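Chemist: Below you will find the structure I want to go over with you.
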Amino acid sequence: MAEFEPRENQITADTLVVGGGIAGMTTAIETAEVGKHVILLEKTPSLGGRVVASNQYFPKLCPPTCGMEINLKRIRINPRVRVLTLADVEKITGGPGEYDVQITLNPRYVNERCTACGECARVCEIERDNDFNYGLDKNKAIYLPHLMAYPFRYVIDPAFAGDARMKKCVEACAYDAIDLGMQAKTITAKVKAIVWATGWRPYDATKIDNLGFGKYDNVITNVMMERLAAENGPTQGKVVRPSDQKEIAKIGFVQCAGSRDENHLPYCSAVCCLASMKQATYVRERYPGAEIHMFYIDVRSPGRLEDFYVKQQGDAKFFFHRGKVAKITEVAGSKNLILEAENTLTGEITKMEVDMAVLAVGMVPNTADAPPPLETPLDDFGFIVPGSENGVIGAGTAIRPLDVSATVQDATGATLRALNLGNRR
Ligand SMILES: Cc1cc2nc3c(=O)[nH]c(=O)nc-3n(C[C@H](O)[C@H](O)[C@H](O)COP(=O)(O)OP(=O)(O)OC[C@H]3O[C@@H](n4cnc5c(N)ncnc54)[C@H](O)[C@@H]3O)c2cc1C
C-alpha cells in the first residue's frame, strides 16, 4: 500500500515507526515482511533521511541509490506498510501493547494527481534556500524534495502557501494537482509498539567561533561537502570553493570540529574520520593533482573500516597531520584560509594555507530538543537509552552515532523488540 492518505480518523497497526530514514525504513520493511502491519511516519515530505543527501557511502563508495531503491521498492509493494509523510506525533497515551497516538498530517498542497512534470516549479517566481543542499543554492517554493523522493510528488513550502504569487503555479498545472486550501488533519493511531528512529542533524558549526564557519565563505561543513560532490547537487558534482567557484588544489579537513570538546559535543560521532577520508576521494577523482590535508586528534576507523584508512594512507598526496585545529583565519584578497593547529603529542604549532576547509562536525540526536512525547530515558546528550522497559524503542542514530550498516543492524533489533511487545497482548 505504501503512500497513504487516511480518510478515516483512526487507523491501527502492530507497530508505529517514527522517522523515515534508513533506520525507520528498515524497521518498517522487516516488520511488514514477517506479516505484521506497520505505519511509517516521516516529518519531512519524503523518505530517506540523511543518507539520500550523501554523494556516496563508505566503505564501498556506492551512491545512495544502490541500497535505497531496493528498500523503497520493498516499501512500495508491501500492502502491510502505510507511509505518512509531513506528519508529526503530537501525543502518546497508553502503554506497551496498547498505545493511542495522536498524529497531525500537515498539508502538502499538492495532491496525488501530481505527475512531477515540473511545470509548476518552472513558472514559480518564489525562491527559497534549498534545505536538501544545506542552503548552498536555492530552489522554488514548490519543489520536488530530491530525485529519489518517495512519494515522488511536489510539495509547497508552507511559508509560501498563502502567497498570491503561488496562483501562477495552480494555473500552470495541467492535472489540477495543486490545492492551496489544503488543511492540516488530526488522526489517531492505535498500535502495540512504537519505534523512534528520528536520527540526527549536524552540529551547528556557527557555534564554533574559532573555525570561521558563516564568517569565511570557504569554510564549509562535511554535510555540505556531500552535496557539493553530488551530481544532483548545487554544482553538479564539481568540488569548487564557494567564494569564486575555483577548483580545489589544496584542501584541509578539520576533524573533531566541535566534537570531543566539553564546550560543544563531548562525544565522538564515530563516522567523521571515515566520512572525511571518503570526501578526500571526491576531490582526488576530480582533481588528481590536489593535495589533501587532514588534521586529526586520533583517527577512528573501527572494525573492518580500518582497511579504508590503510588504503588512504597509501595516497602520496594525502597528508595526515596530528593536531587539533585551534583557529582558522582568512587571507585577505585570495580568500584562502590559514589553519592553525597544535600537535596533540608535542605541542608544536603548525600553520597551513589551503583553498577550502571542511569542518567534520558531529551528529546531534534530533531527540535532544524534540524528545518523544512519552516518558523515555535519554542520556546526557539526548540520545535514547536503548533497552529500557519504559517509553518508546529507540533505533538507529536516535540511540548513538552510527554508520549505515550499524544503523541497519540496530533497526533489526528494534523490529524484534517491537514485535515482542506486540506479542505480549
Ligand atoms: C558527513 C557524514 C557523512 C556520512 N557518510 C556515511 C557513509 O559514507 N557511510 C555510512 O555508512 N554512514 C555515513 N554517515 C552516517 C549516516 O548518515 C547515518 O548512519 C544514517 O543517516 C543514520 O540513519 P537514521 O535513519 O538513523 O537517521 P537519519 O538519516 O537522520 O533519518 C532520520 C529520519 O527521521 C526523520 N525525523 C526526524 N525527526 C522526526 C520526527 N519528530 N517525526 C518524524 N520524523 C522525524 C528525519 O526527517 C529523517 O528522515 C555519515 C554521516 C555524516 C555526518
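The values are calculated or read from the model by the stated rules, or taken from the named source; none is laboratory data. On a predicted model such as this, the values are computed, not experimentally measured, just so you know. Using ideal geometry, Cβ is built from the backbone for each residue, glycine included, and neighbour counts are taken over all protein chains shown.
Chemist: Suppose we keep only residues that are assigned to a loop (DSSP other than H, G, I, E, B) and aliphatic (A, V, I, L, M) within region 345-375. Which one would you say is farthest from the chain's Cα centre (by Cα)?
Modeler: Here the residue is 345.
Chemist: Tell me which of these residue 182 doesn't satisfy, since it passes every other one: (1) within 24 Å of the chain's Cα centre (by Cα); (2) surrounded by fewer than 22 Cβ atoms within 10 Å (Cβ to Cβ); (3) more than 18 Å from residue 117 (Cβ to Cβ).
Modeler: (1)
Chemist: Further, regarding this structure: Tell me which residues, restricted to region 94-106, are touching a strand residue (DSSP E or B) at 6+ places or on another chain (Cβ under 8 Å) and either without any contact (Cβ under 8 Å) to a residue 60 or more places away in the chain or farther than 30 Å from residue 421 by Cβ (or both).
Modeler: The one that is touching a strand residue (DSSP E or B) at 6+ places or on another chain (Cβ under 8 Å) and either without any contact (Cβ under 8 Å) to a residue 60 or more places away in the chain or farther than 30 Å from residue 421 by Cβ (or both): 94.
Chemist: Additional query: Which condition number does residue 27 fail, the rest of (1) under 25 Å from the mean Cα position of the chain (by Cα); (2) surrounded by fewer than 23 Cβ atoms within 10 Å (Cβ to Cβ); (3) more than 8 Å from the ligand (Cβ to nearest atom) being met?
Modeler: Condition not satisfied by residue 27: (2).
Chemist: Just a yes or no: is a residue in region 221-232 over 26 Å from residue 394 (Cβ atoms), at pLDDT below 95, surrounded by fewer than 23 Cβ atoms within 10 Å (Cβ to Cβ) and not assigned by TED's automatic domain parsing to the domain that holds residue 157?
Modeler: Scanning region 221-232 turns up at least one residue that is over 26 Å from residue 394 (Cβ atoms), at pLDDT below 95, surrounded by fewer than 23 Cβ atoms within 10 Å (Cβ to Cβ) and not assigned by TED's automatic domain parsing to the domain that holds residue 157.
Per-residue answers, yes or no, for (1) over 21 Å from residue 218 (Cα atoms); (2) surrounded by 15 or more Cβ atoms within 10 Å (Cβ to Cβ); (3) basic (Lys, Arg):
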site: 267; (1), (2), (3): yes, yes, no
site: 283; (1), (2), (3): no, yes, no
site: 286; (1), (2), (3): no, yes, yes
site: 291; (1), (2), (3): no, yes, no
site: 306; (1), (2), (3): yes, no, no
site: 321; (1), (2), (3): no, yes, no
site: 333; (1), (2), (3): no, no, no
site: 360; (1), (2), (3): no, yes, no
site: 371; (1), (2), (3): yes, yes, no
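Chemist: Something else now. Suppose the filter is more than 19 Å from residue 403 (Cα to Cα), assigned to a loop (DSSP other than H, G, I, E, B), more than 14 Å from the ligand (Cβ to nearest atom) and of a type outside the set (S, T, N, Q); does residue 73 pass it?
Modeler: no
Chemist: Turning to a different aspect of this structure: Can you find a residue that is in a loop (DSSP other than H, G, I, E, B), under 30 Å from residue 255 (Cβ atoms) and in contact with a strand residue (DSSP E or B) (Cβ under 7 Å, 6 or more places away or on another chain) anywhere in region 124-142?
Modeler: Yes: region 124-142 contains one or more residues that are in a loop (DSSP other than H, G, I, E, B), under 30 Å from residue 255 (Cβ atoms) and in contact with a strand residue (DSSP E or B) (Cβ under 7 Å, 6 or more places away or on another chain).
Chemist: Only one of these is part of a loop (DSSP other than H, G, I, E, B), of a type in the set (Ser, Thr, Tyr) and either in the same structural domain as residue 24 (by TED's automatic domain parsing) or under 19 Å from the mean Cα position of the chain (by Cα) (or both): 198, 188. Name it.
Modeler: Among 198, 188, only 198 is part of a loop (DSSP other than H, G, I, E, B), of a type in the set (Ser, Thr, Tyr) and either in the same structural domain as residue 24 (by TED's automatic domain parsing) or under 19 Å from the mean Cα position of the chain (by Cα) (or both).
Chemist: Return the total of residues in region 204-252 being among the hydrophobic types (A, V, I, L, M, F, W, C), touching a Lys or Arg at 6+ places or on another chain (Cβ under 9 Å) and part of a helix (DSSP H, G or I).
Modeler: 4
Chemist: Moving on to the next point. I'd like to check something: does region 366-389 contain any residue that is of a type in the set (Gly, Ala, Ser) and more than 14 Å from the ligand (Cβ to nearest atom)?
Modeler: yes
Chemist: Could you look through region 233-251, keep only residues that are surrounded by 15 or more Cβ atoms within 10 Å (Cβ to Cβ), within 24 Å of the chain's Cα centre (by Cα) and not aliphatic (A, V, I, L, M), and pick out the one that is farthest from residue 145 (Cα to Cα)?
Modeler: If we take residues in region 233-251 being surrounded by 15 or more Cβ atoms within 10 Å (Cβ to Cβ), within 24 Å of the chain's Cα centre (by Cα) and not aliphatic (A, V, I, L, M), then 241 is farthest from residue 145 (Cα to Cα).
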